[in-house]
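See below for the structure under consideration.
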Amino acid sequence: MKIKVMIAEDERLAREELAYFIQQEEDCILTPSAENGRQLLELYDQYNPDVIFLDIHMPQMSGTEAAQQIKKNSQDDKFDPLLIFTTAYDEYAVNAFEIGALKPYASDRFKEAMSRIRERLPNRRNKKQQSNKLLVDDGEKKVVVAPETIFYAVKSDRVTEIHTNHNIIQAKMTLQEMEEKLSGYPFFRSHRSFLVNVDKIHEIKPWFNGAYNLMLKDDKKSEIPLSRTSAKALFQMLQK
């Protein structure tokens, strides 16, 4: 199972150093990074990471404030990410959250943190694991959808359109809610309005300004956008 990792750190060199360590881990996918607490909340909603490495002292909103907001917003049916404070002071992490401090960064400290992440993450996922079917409200009726039959989902007004090979289901949920329910399945947020089943991608075509189009395997040969900010994470996922 791949581990989606996010960094929240206002210092560029520190972000790059931690990103280098993460990119050496074969089972990790690095999402776009946040430079402050408010940006972290925005990116968290978009990418739904499994693990967040975050600094305590950041502008606009501190790491602790952002972490508390993430914890507060996590409902019983929502995956609760592991939070690792990248601080020089262990008492912050010990008193508040998950895993001990990492600063100054060192390979052995990072390896130890990743080992503990791999130990704890399966239990988190098992607690949040949904059934192998997705139950959604489609108008006045409820529809049971097998996740493996979904090609992509797209935000549309007040509903999320779920596209299978032959049907379109108007689900009364947000795209973020659907992504959370599909945690553990091979779905990827290719764009802020699109969620794609990675197993259904046939081809990736360059578009413009660093963006791409994903060509899918359905009968309609659907094309959906891959944003420039999401492209790197998807390529990393597919290469591994």
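The values are calculated or read from the model by the stated rules, or taken from the named source; none is laboratory data. Since the structure is predicted, the reported quantities are computational estimates derived from the model, not experimental observations. Neighbour counts are summed over all protein chains in view; Cβ atoms, including those assigned to glycine, are modelled from backbone coordinates with ideal geometry.
For the range 171-198, which residues satisfy the criterion of being hydroxyl-bearing (Ser, Thr, Tyr) and either buried (at least 19 other Cβ atoms within 10 Å of the Cβ) or part of a helix (DSSP H, G or I) (or both)?
SER190
Would you call ILE224 touching a residue at least 40 places away in the same chain (Cβ under 8 Å), within 23 Å of LEU43 (Cβ to Cβ), surrounded by 18 or more Cβ atoms within 10 Å (Cβ to Cβ) and of a type in the set (Val, Ile, Thr)?
Yes.
Only residues that are part of a loop (DSSP other than H, G, I, E, B) and closer than 17 Å to ASN197 by Cβ: list them for the range 209-226, please.
Once the filter is applied, which keeps residues that are part of a loop (DSSP other than H, G, I, E, B) and closer than 17 Å to ASN197 by Cβ, the range 209-226 yields LYS217, ASP218, ASP219, LYS220, LYS221, SER222.
Quick check on this structure: which one of ILE168, ILE201 is among the hydrophobic types (A, V, I, L, M, F, W, C) and surrounded by 15 or more Cβ atoms within 10 Å (Cβ to Cβ)?
ILE201
Would you kindly identify the helices (runs of 4 or more DSSP H) lying entirely within the range 58-161 that contain at least 1 residues that are under 17 Å from the mean Cα position of the chain (by Cα) and modelled with pLDDT of 85 or more?
Result: 63-73, 107-128.
Tell me which residues, restricted to the range 18-40, are surrounded by fewer than 17 Cβ atoms within 10 Å (Cβ to Cβ), more than 18 Å from the chain's Cα centre (by Cα) and not in a loop (DSSP other than H, G, I, E, B).
Result: TYR20, single match.
Note down all Cβ pairs under 8 Å where the first residue falls in the range 195-210 and is assigned by TED's automatic domain parsing to the domain that holds ASP45, the second is assigned to a loop (DSSP other than H, G, I, E, B), and they're at least six residues apart or on different chains.
Filtered contacts from the range 195-210: no entries.
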